[in-house]
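The values are calculated or read from the model by the stated rules, or taken from the named source; none is laboratory data. These figures come from a predicted structure and were not determined experimentally. Please note: Cβ atoms are built from the backbone with ideal geometry, for glycine as well, and neighbour counts cover all protein chains shown.
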Amino acid sequence: MRLDGKTVLLGVTGGIAAYKSPEVVRALRQAGARVRVVLTRSAQEFVTPLALQTVAGEPVAAELFDLTQESEIGHIDLADNVDVILIAPATANVVAKAAVGMADDLLTTVLLATRAPVVVAPAMNVHMYENALVQENLAKLGTHGWQIVQPDSGALACGYEGPGRLPDAAVLVDAVAAAVAPKDLVQETVLVTAGPTREYLDPVRFLSNRSSGKMGFAIARAAAARGARVVLVAGPCSLPDPRAVETIRVDSAEDMAATVGREGRRATVVIAAAAVADYRPATRETQKSAKKKGASRLALEETPDVVATAVARKPGRIVVGFAAETSDVEERARGKLDRKALDLIVANDVTAEGAGFDVDTNVVTLIDASGSEALPLLSKDDVADAILDRVARLRAKRPESAPGRKNR
Ligand code: CTP
């Protein structure tokens, strides 16, 4: 997700994962943010101010009672002039101090003085992380509106295994973007389909396509950041489950249709970004089939159309489809908009530079009954937000009929 025009204050505290903080700064800047850094004294045992200053492109602040620094980077200026604060890694010590409102260094002072949202990424030894006092402190910060990013599980620097690892920089960027995103979809339950499907000939062979799932996953992450409850039905792809999203992995078109039919009942918005196979082998062998002499023919049958058959049209439900084309893009997309009774279709020419499969950008045209809007080359994250802006606008036109609103 993008952070253009936002200023992020990164607080780095003294855990071993502090050595990853220059990577976090880079990822935040790549997402478009200006990054100001505050280092605690013990963090400087793991990473130097010079390293962070170099990647941040501006001076970093370390001491509260440094007169030169205070005149150049005042603690009230830091507290007032940032859009969001990320503490990564957050030690048990800073979590405890924050939870009782202590202010004995620059970072904790800024935390008390700020009105910006705060995102905390605890990273520490598994036994410390699971300690009831640490959990109580984190829960307390949560009740005060601080957003806690759960640590990853795995091998820890201390030799133990378990939760305590600092998540990847991309996960931290998403958490920061979510903290500053407009919460205009809180009323919605959004179901997103993503990725390809696999149609098996036998236990080891299948028909599939080049979809990477990136567009659908970007939509799911963006919708969650904007406050929606999100269910992501994903065909086989290598992307990790997005945080704050209920991800259901499926294999074939039939699987996807059944899952969407079941899970889609509560959806107020359905966004079908999956590249669903239109045909599957008419028979699926139970054993691996052996090579036969000479040419062979494969008999195919149609798969269910997920969006046309599994998504019931309810009053107020907004349904968005995709049309990945190689020619007559707009005309073909309009045909699908009508045939599948969609509210909006996202059309793209997959042969255009920067569009289509396995890239992080896309060039799309948004088409609905009122007309079409061609967007420039954008990151898939930005395309996701543009689609969701349209969904929010469609919802504004028919607010009363949104299904599920009363029961939430
Ligand atoms: N779609 C679907 N289930 C299918 C086929 C397509 O849900 N079996 C959805 C896609 O997720 C997309 C939209 O329908 O949102 C259009 O997909 P596309 O493959 O372009 O359309 P088709 O109906 O398959 O048309 P064609 O293959 O003739 O281009």
Checklist entry - Filter segment 281-318 for residues that are more than 9 Å from the ligand (Cβ to nearest atom) and of a type in the set (A, V, I, L, M, F, W, C); which is farthest from the chain's Cα centre (by Cα)? => result Ala295
Checklist entry - Within segment 258-265, is there a residue that is within 9 Å of the ligand (Cβ to nearest atom) and either in contact with a helix residue (DSSP H, G or I) (Cβ under 8 Å, 6 or more places away or on another chain) or not assigned by TED's automatic domain parsing to the domain that holds Ala228 (or both)? => result yes
Checklist entry - With respect to Gly321, is the statement that it is in the same structural domain as Asp381 (by TED's automatic domain parsing) and surrounded by fewer than 17 Cβ atoms within 10 Å (Cβ to Cβ) true? => result no
Next on the checklist: Which residue is surrounded by the most Cβ atoms within 10 Å (Cβ to Cβ), if the candidates are limited to segment 328-341 and must be more than 23 Å from Ala234 (Cα to Cα) and within 11 Å of the ligand (Cβ to nearest atom)?
Outcome noted: Val329
Next on the checklist: Condition (residue is buried (at least 16 other Cβ atoms within 10 Å of the Cβ) and either within 10 Å of the ligand (Cβ to nearest atom) or small (Gly, Ala, Ser) (or both)) applied to segment 354-374: is it met by at least one residue?
Outcome noted: yes
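Mind checking which residues of segment 233-253 are within 16 Å of the ligand (Cβ to nearest atom) and either within 30 Å of Pro151 (Cα to Cα) or surrounded by fewer than 16 Cβ atoms within 10 Å (Cβ to Cβ) (or both)? Lay out the reasoning, then the answer.
At the first step, the residues of segment 233-253 found to be within 16 Å of the ligand (Cβ to nearest atom) are 233-237, 248, 250-253.
Result: Val233, Ala234, Gly235, Pro236, Cys237, Ile248, Val250, Asp251.
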